[in-house]
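Quick note: the coordinates plus some simple rules give every number you see, no bench work behind them. Remember, it's a predicted structure, so these values are computed and weren't measured experimentally. Don't worry about glycine lacking a Cβ; one is built from the backbone with ideal geometry, like all the others, and counts go over all protein chains shown.
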Amino acid sequence: MKQLWVLVGLLVLAGCKTMEGAMPWIDAGNQMAKSAGYDTDSKLAAGIKEALITGTDRASTQLSQTGAFNLKLPAAAQPVADTLRQFGFGSYVDKVETAMNRGAEQAVAEAAPVFKQAISNMSVNDALGIIRGGDTAATSYFRGETESSLRQRYQPIVEENLKKTGFYDQYKSLLAVYDKLPLTNKPNLNLESYVIDNSMDELYTRIGEQEALIRQNPMQQGSALLGAVFGSGQGG
């Protein structure tokens, strides 16, 4: 069994600057393990899935904490915000920005079931492609598989938190008037989309950072299985 982990451990050699340099060892390790009767591809897929679970859980936990986000009103809305502050209504701006951030933090919690479903659906071929990819190959794949479903879950949560401020209703009224103006190239003043886009971008960025950490130091960041798939393999 130990020999199997050594073979699998050769998949990503420590010291290789690029995945191209490790490819001969990846292919040789796969073939040797298969000849010995082990389903190497299946174990690789399990390692990738564990890496994704580890990375997404950490990213979601970090961003669901109060104060994790620091979203401000979009640049297009700053003239409105500045005017309110000039007339002593800055507290309304503060309230809506607080609601935006709380909404983003609460929406992150909704990511977990979407992520787990995508991980469950991942094929062995998908996993092998990720191993051969760059530092954030898994995150790129993952975003393509989950972004649409995640957006649907985020929408009602963000809306609910924005509705908790009195300023939000006024802002919606302003949008209704603004959208009817005969202007071209109007900036986006949709708060819901703004919060969703920014919070999702930050979430996938954090997942990518976690993936890079796992690839750089799998035994420290994850488990023995991650070490076998992403590490250098230690004999003895």
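Below are the figures for this structure:
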quantity	calculated
Members of Lys116/Lys172; Lys72/Lys164; Lys49/Lys72; Lys95/Lys172 lying beyond 25 Å, as alpha-carbon distances in this model show	Lys116/Lys172; Lys49/Lys72
Cα gyration tensor shape of segment 59-123, rounded if a/c is under 1.5, else prolate or oblate by comparing a/b with b/c	prolate
By average C-beta atoms within 10 angstrom, highest first, the peptides 58-70, 129-141, 93-105	93-105, 129-141, 58-70
Inter-probe distance in nm under a simple model that places probes 7 Å from Cα toward Cβ, at Asn125 and Lys172	4.7 nm
